[in-house]
Structure formats: C-alpha cells, structure tokens
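Rule-based calculations on the coordinates, nothing more; no lab input. None of the values given here were measured: they were computed from a predicted structure. Cβ atoms come from the backbone with ideal geometry, glycine included; neighbour counts cover every protein chain shown.
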C-alpha cells in the first residue's frame, strides 16, 4: 500500500511565485452590506498569514471566498498562479485538494451520518482505509476511531478529524477559520502544536483567521489586521506586535493581557469610543475615523490607501503619529 505521503505529492510552486494571491477581493450581500471591501494580500508556500479583527469585520467571509465556498462580488484569487475566481465547481474539482479549510465548529462541519473513515476518505474515496488510519494516527487519533461517528468525540478529537480530512487530498494551502477558538485552552495548545508540526513536515501554508491576538502572535509569520471589511495594516508579526502603526492595531493589542503583572498594571489601555459602524452604512472617508483619537478632517472625506510605514503597509493618513 502506497503511503499517505507518497499519495499526496503535489506539484510545487516556484519560489518567486506566491502560492496564494488575492487582489481587490470584495463581497456585497443583499441589502448592500459590504462585508469585504477591496482586500488584497499574498501567502507564500510554507508561510502562515494571520487575519485578525473584531467579529463581523469580514475575516471569515474572506476565507470562504478564497476556497470558493462563497462567490466574490469582485476581485481575483490566484492559486499556484492560476485565476480560480470564476471557475465552475466542476473546473474547481482538480484544485480542491490544493486548498482546504478547517472550520471553527468541527461538529457542524462533519457529516453526522458518516463514519470518520467515510469523512476522511471523502466522497470520491481518494484514500483507502489504511491511508485513513495513517492520517488519523498522525493527527493523534487511534485506528479504532475510524469506525466511529462525530457525536462520539470530544471537541478536540472532532477537530483532529477535521484536520485529517483537510490533509486527505495533499493540500498546499489550508484556511484555518477560528480553528481553535471553540476549544478548551489546554486542547488549543495541542491543536496549535499539531498544525505547526504538520506545516513543517508538509510545507503547508496557512491563512490563520482568529480574534485571539496572543495565539496569532505565536503562530503567524505575518499578520493582516481587518476593520470593517478592509485591511488596515499588514506586515511581519514581530514588528507589528512590537510597534503597531495603525491606531486600530494599537487598540487591539492594548487589550491583549500581558503575563507580567507589573507591566500589566502600568501599560496603557486604549478604549475605542462607540461601536463599529454597520457594514450596510459605512462612514465616508476612513471607516475608522469615528472611533479614532488621531482623526482629522481629512479622515472624514478621504479613504487612506495602504502605504509603507515602518516596514509594513498601513492604511492611515497619520500613521507616523502613532509611533
């Protein structure tokens, strides 16, 4: 029997070409709700890009458009250099193995009528039982789990089944949509370590969608911060966390607890005024200006574009002021 690793070999991407390239991606739902507005970024092979922001900012919608679970209103998604934005479901079939998704709630994403063996093997039975068991063991499950149903598992075990299913076709890109947020803290660490080990073994790239910035800091190479459907800052995780340039990024990071009680007691907390505006009626100019302490009259009428500030891209007219 051919091993899972041998069965899952896929063409590699030239080093000069990003594995994933997203350009001006947008999604408008019924009623004119602009959930995602001109999002663009790249993910290299083997890289982890974190996508963070408040609930409702468009993170999950972006991830679902990338794997074509949602049809974008406009913009493009290139995978391995191929434009997949408007491919039919039939045309997408050969590419489904290259990109996979791990969902926040494993129970709602696993068919309750199927055994684990059926779930991991997939509807086209791409793997034999021996290969399914090999994958289950790799994600920390036992061979006997192959004959069980999703309701027989704990949340952490069910998420391991979801990870095994995502690996079944030998992907190069996995979109992790809040993949650990519903798990207990101790289980979270185990799943994160598993994802890290799998990335090192298989050269996986992750788009890691999360609202927990402390986790993102440890697992991501780069971080993109979203606010009201737009990316407001994107750059290397280390510099973004140590020296945030956008006032919204600064506010988010100020709310992340620090382990040292002395630092925690004296550090500045930035409390944003008001609530995020409705995506159905975003404010003119900079969408963040109603809540921003740096806002000036220019911000009320002119939407800032991403530009280089301190080694990353920031959408703020006065980002230098936040230094």
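Computed quantities for the displayed model
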| quantity | calculated |
| --- | --- |
| Most to least packed among 208-219, 108-119, 44-55 [average Cβ atoms within 10 Å] | 44-55, 208-219, 108-119 |
| For segment 103-172 and segment 76-91, distance of Cα centres in Å | 27 Å |
| Of all DSSP beta bridges in the chain, antiparallel share, percent nearest 5 | 60 percent |
| Mean residue ellipticity (222 nm) of the chain, computed from DSSP H runs ≥ 4 via -39,500 (n - 2.57), nearest 500 | -8000 deg cm²/dmol |
| Cα-Cα separations in segment 4-220 greater than 31 Å, expressed as whole percent | 17 percent |
| Candidates 222, 30, 188: whichever shows maximal mean-square fluctuation once the chain is modelled as a Gaussian network with Cα springs under 10 Å | 30 |
| Rel. contact order, % - alpha carbon contacts under 8 angstrom, at least six apart, the chain | 20 percent |
| Computed over segment 7-114: relative contact order in percent, which uses C-alpha pairs under 8 Å that are six or more apart | 27 percent |
| Relative contact order, percent, segment 40-102 [alpha-carbon distance under 8 Å, six or more residues apart] | 18 percent |
